[in-house]
Amino acid sequence: MNEPDCNPNQETFVINLGPQHPATHGVLRVKLTMDGEYIVHAEPVLGYIHRMHEKMGENRTWAQFLPNTARLDYLGALSYNHGYVQVVERAAGIEVPERAEYIRVITVELNRIASHLLWYGAFVLDLGGFTPLLYAFDDREHVLDLLESVTGARLTFCYFRFGGVYNDIDEPFITGTRAFIKRLRSRLPDYHNLVTKNIIMIKRLKEVGPISAEMCRRYGATGPVLRGSGVCYDVRKNEPYSVYPELDFDIPVYSECDSMARYMVRMDEIDQCLRIIEQALDKLPDGPVMAEKAPKIIKPPVGDYYGAVEAARGTFGIRVVSDGTNTPYRMKLRSPTFSNLSLFGEASRGMLLADALALMGSLDLVIPEIDR
Amino acid sequence: MMELLEMEPLRLLIFLGGLIAFAALNAAYLVWLERKVAAHIQCRIGPKEVGPFGLLQPLVDGIKLMSKQLLVPNGVDPYLFKVAPLLVLVPAVMSFVVIPFGENLAARNIDLGLLMIFAFASVNVLGLLLGGWGSGNKYAVISAARAVSQNVAYEIPMLITVISLVMVTHTMNLNEIVKQQEGMFWNWYIFRLTASPLMPVAFLIFFICSLAETNRAPFDLGEAESELIAGYHTEYSGMGFGVFFMGEYANMVIGASLATVLFLGGWQSPFGIGSGWWWFLLKVYALIFCVMWVRWTYPRTTLWGLLNLSWKVLIPISLFNLLLTGATIKVVSYLFGA
C-alpha cells in the first residue's frame with residue numbers, strides 16, 4: 001500500500017470503517033485517514049471472513065469442492081459453479097449435452113439478475129434511499145423462487161455437475177420464467193423513474209468517483225467496473241464459452257467512468273440478461289441433461305488448466321493444476337471483487353466520505369468472495 | 001371550567017401537563033405512523049401484531065426503551081452526554097407554548113410568539129452538538145459538525161422568509177396571524193399573491209428549510225447511517241436514544257405547526273365555517289405525512305449539495321422574495337392608499 005502523502009501541518013485522524021459498518025455490507029474493514037470529511041488515505045483490511053477455500057480445494061476430491069464454489073460470491077453462486085465445472089470438464093475431457101448448457105445459461109443469467117437487483121437495492125440504500133431496496137427484493141424473490149424450484153436452494157446453489165446439471169427443468173419453471181421476464185420488463189421503467197432520473201441520485205453519481213480504464217488495467221478490475229470505464233470487455237463475448245456465441249446480446253458499455261456509468265451498466269445488463277434468457281428458452285433443445293459417459297470419479301490428466309467465466313461482478317478465473325490424482329494439486333481462484341476493491345484506495349483519495357461510499361457501493365463488493 | 005383556567009397556577013399546571021402529553025403522544029404515534037406510511041410506500045404491512053393495526057406498538061416500544069439500562073460508555077463526557085438529549089427535547093416542548101391550536105387554545109398568547117419559537121429552535125442544534133461532542137466518538141463528532149453547519153445554513157433562508165411574511169402580517173403574535181387568514185382558503189398567506197407574488201415559493205422554501213432544520217430526509221446528514229452509522233446518537237441507547245427520538249418528532253410537529261400557522265391558516269377552516277382545532281391538527285398531520293412521503297422516496301443529499309442548495313439557491317430566492325414583498329407592499333399602499 002502506498003503511504004499517505006501527509007502534510008505534517010495537516011491535522012488528520014483515522015477512522016475505522018468496519019468491520020461492522022452499515023456501508024461495508026459485511027465484514028470489510030477500511031482504515032480511513034481523514035482530513036475533516038476528506039479522505040487522505042484509504043486502506044482496505046481483509047481477512048475477517050477468510051475460509052481458505054483454495055486450500056480446501058486441494059484437500060478434497062474434485063466433486064467435493066463443488067459446494068464451496070457457491071460460498072464465494074453467495075449472490076451470484078451459479079456463475080462460480082459454472083466456472084469450476086467448466087474448467088474441470090475441459091481438463092477431464094467431458095462433453096456436456098447441449099440442453100444442459102442451455103439450462104446452465106438460463107439459470108446463470110437468472111442468478112445474475114438476482115445479484116444485480118440486490119446490488120441495486122443495496123446501492124440506493126448506501127445513498128440513503130430505503131424504498132427501492134424493498135422493490136428490488138420483491139422482484140428478486142421471484143427469481144429465487146424459480147431457482148429454488150429447479151436447484152433446491154435459494155442462495156448457495158450447487159446445481160451443476162461435471163457433465164451437465166443435477167436436475168432437468170420442467171414446464172412450470174419455463175412458464176414461470178417467461179412470466180418473470182414480462183414482469184421485470186414492466187418494472188424496470190419504474191426503477192428508472194424512481195432512482196435513475198432522481199435529481200439527488202444524478203447529483204450524487206454523475207462525475208463522482210472516476211475510475212479510468214488505465215486504473216482498471218493496473219488493478220485488474222473487470223466486470224461492470226471496467227465496462228463503466230469505457231472498455232468493452234466481457235468474457236461471454238471476448239472468450240466465448242458455453243452456448244453464449246449462439247445467443248444475441250449486447251454488452252453495455254459507458255465511457256463516463258463515474259459512479260453513474262457503473263450504475264447504468266448494471267441496469268442495462270439486467271435488460272440484456274432478460275434477452276439472453278428469452279432466447280435460450282426459445283432455443284432450448286431436447287435431450288439429456290447429463291453426459292452419459294461422465295465418470296463417477298474424476299481424475300483429470302496431469303496438467304495446468306485455466307478457465308474463466310463472466311460472473312455478476314466481473315471475471316471469475318479458476319486455475320487448477322492436476323497431478324492425476326482424485327484431488328487437485330493446486331487451486332487458484334481469481335475473484336473479481338478482490339481486484340475491484342484494490343483500486344478503492346487510489347480512487348477514493350481526496351474524495352468526500354459520502355462520495356467515497358457511493359464509489360464503494362458502485363464497486364458491488366461481496367466480502368466472502370474477496371476473502372475466499 | 002373557564003373560571004378554573006383563570007387561576008394562574010392551575011392554568012400553568014394544566015397546560016404544562018397537556019403540552020408534555022401532546023409532545024410525548026405525538027412522538028410515540030408519529031413513529032407508528034411513520035412505520036405505517038413507510039410500509040405502505042414499500043408495499044408492506046408494517047406493525048400489526050401488538051393491538052389492532054399495531055396501535056399498541058409505540059407503548060410497547062416506550063416500555064422497552066424505558067426498561068433498558070442507561071448505558072454511559074467509557075470515555076464520554078458524562079455530564080454533556082446526559083444533558084444533550086434533554087437539550088433537544090425541552091426546547092421543542094417549550095415551542096409548543098405559543099402554538100395556537102385553536103382560537104382560545106394556546107398555552108400563552110404572547111406578542112413575540114414567532115420570535116420565541118425561533119429562539120428555542122436554535123437551542124436544538126446545541127443539543128446535537130453536545131451529544132456528538134460528548135460521545136467521544138469520531139463518527140458522532142463528524143455528525144455534530146455536519147448538524148451545526150446544516151442548521152446555520154438553513155436558519156438564514158428560513159428567517160428571511162419569515163421576515164418577509166412578518167412584513168405583511170405586521171405582527172409576530174401567532175394567534176393574530178391566524179386571525180388575519182380568516183375566511184375562504186384564498187385568504188391563507190400561501191395564496192395571498194397580492195401581498196407578495198412569490199408566496200407559494202416562500203412556503204416551499206419554508207418547508208424545505210424545516211426539513212433541513214429537523215434533520216429529516218433527504219437532509220438527514222447528521223444521522224446518515226451509511227456513512228456515520230447513527231451520527232450524533234451512535235453511542236446512545238435506551239431512553240437516551242428515546243429522548244433524542246422524541247425530540248426529533250416533536251421538532252417535526254413544531255415545523256409543521258409553524259408552516260400551518262404562517263401559511264395555511266392555522267385553525268381556520270378553508271371554507272370559512274366550522275373553524276377549530278380539528279382543522280389545525282388536520283393540516284399539521286397532512287404536512288407531516290408529506291415529510292414522511294419525501295423521506296421514503298428520496299435518497300440522501302451530500303453535505304456539499306445541501307450547503308450549496310441553501311447558500312446558492314434558497315438564500316438568493318428568499319432575499320429576492322423579501323425585496324419583492326417590500327416593493328409590493330409599497331406599490332399596493334400607493335395605489336389603493338394606506
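What follows draws every value from the coordinates through simple rules; no lab data is involved. Because the structure is predicted, anything quoted here is derived from the model rather than measured. Glycine gets a Cβ as well: all are built from the backbone with ideal geometry, and neighbour counts include every protein chain shown.
Hey, got the dipole for the range A:310-372? About the Cα centre, +1 on K and R Cβ, -1 on D and E Cβ, debye to the nearest 20?
The dipole magnitude comes to about 240 debye.
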Lys and Arg at +1, Asp and Glu at -1: add these up for the other residues within a Cβ distance under 11 Å of B:Ala121 and post the number.
-2
Output field shielding_mean for B:217-228 (other chain Cβ, 10 Å radius) holds 5
Sorted from fewest to most neighbouring beta carbons within 10 Å, what does the list B:Thr194, A:Thr337, A:Thr24, A:Thr327 look like?
B:Thr194, A:Thr327, A:Thr24, A:Thr337
Over 19 Å (Cα to Cα) - which of A:Lys206/A:Lys237; B:Lys179/B:Lys283; A:Lys31/B:Lys138 fall in this group
A:Lys206/A:Lys237
Using the Cα centre of the range A:53-339 as the reference point, and only Cβ charges (+1 on K/R, -1 on D/E), how large is the resulting charge dipole? Debye, rounded to the nearest 20.
780
Tell me whether chain A comes out rounded, prolate or oblate; compute the Cα gyration tensor, take square roots of the eigenvalues as a ≥ b ≥ c, and use a/c under 1.5 as the rounded threshold.
oblate
Leaving out same-chain residues fewer than 8 places away, which aspartates and glutamates sit with a Cα under 17 Å from that of A:Lys203?
A:Asp126, A:Glu256, A:Asp258, A:Asp355, B:Asp220
Residue by residue through the range A:222-231, the couplings from Karplus 6.51 cos²θ - 1.76 cosθ + 1.60 with θ = phi - 60°, in Hz, x for Gly and Pro, are 9, x, x, 5, 5, 5, x, 9, x, 9
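Assuming a ≥ b ≥ c are the square roots of the Cα gyration tensor eigenvalues, decide whether the protein assembly as shown counts as rounded (a/c under 1.5), prolate (otherwise, with a/b larger than b/c) or oblate.
In terms of gyration-tensor shape, prolate.
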Of A:Arg90, A:Arg313, A:Arg266, which is the most mobile in a GNM of chain A whose springs link Cα atoms less than 10 angstrom apart?
A:Arg90
Using a 10 angstrom cutoff on alpha carbons, build the Gaussian network for chain B and name the most mobile of B:Phe263, B:Phe271, B:Phe81.
B:Phe271
If you plug each phi of the range A:154-160 into the Karplus form 6.51 cos²θ - 1.76 cosθ + 1.60 with θ = phi - 60°, what whole-Hz ³J(HN,Hα) values come out, in order, with x for Gly and Pro?
10, 9, 8, 5, 9, 9, 8
Based on other C-beta atoms within 10 Å, arrange A:Leu341, B:Leu282, A:Leu46 from fewest to most.
B:Leu282, A:Leu46, A:Leu341
Could you tally the net charge around B:Val72, taking each other residue with its Cβ under 13 Å from the Cβ of B:Val72, Lys/Arg +1 and Asp/Glu -1?
0
Answer in debye to the nearest 20: the dipole magnitude of the range A:113-157 about its Cα centre, from +1 Lys/Arg and -1 Asp/Glu charges placed on Cβ, is 100
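Got a sec? How would A:Lys206, A:Lys31 order by Cβ neighbour count within 10 Å, fewest to most?
A:Lys206, A:Lys31
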Which whole-number percentage describes the relative contact order of the range A:53-339, with Cα contacts under 8 Å and a sequence gap of 6 or more?
28
Cβ under 12 Å from A:Glu98's Cβ, A:Glu98 left aside: what net charge do those residues give with Lys, Arg +1 and Asp, Glu -1?
-1
Gaussian network model of chain A, springs between alpha carbon atoms under 10 Å - residue of A:Ser229, A:Ser115, A:Ser342 with greatest fluctuation
A:Ser342
Scalar couplings 3J(HN,Hα) for the range B:227-235 by Karplus 6.51 cos²θ - 1.76 cosθ + 1.60 (θ = phi - 60°), nearest whole Hz, x for Gly and Pro, are 10, 10, 6, 10, x, 5, 9, 4, 8
Using +1 at the Cβ of each Lys and Arg and -1 at the Cβ of each Asp and Glu in the protein assembly as shown, identify which of B:Ile63, A:Val208, A:Ile370 lies farthest towards the dipole's positive end.
B:Ile63
Proximal lysines to B:Lys48, defined as alpha-carbon separation beneath 25 angstrom and excluding residues fewer than eight positions away on the same chain
B:Lys36, B:Lys64, B:Lys68
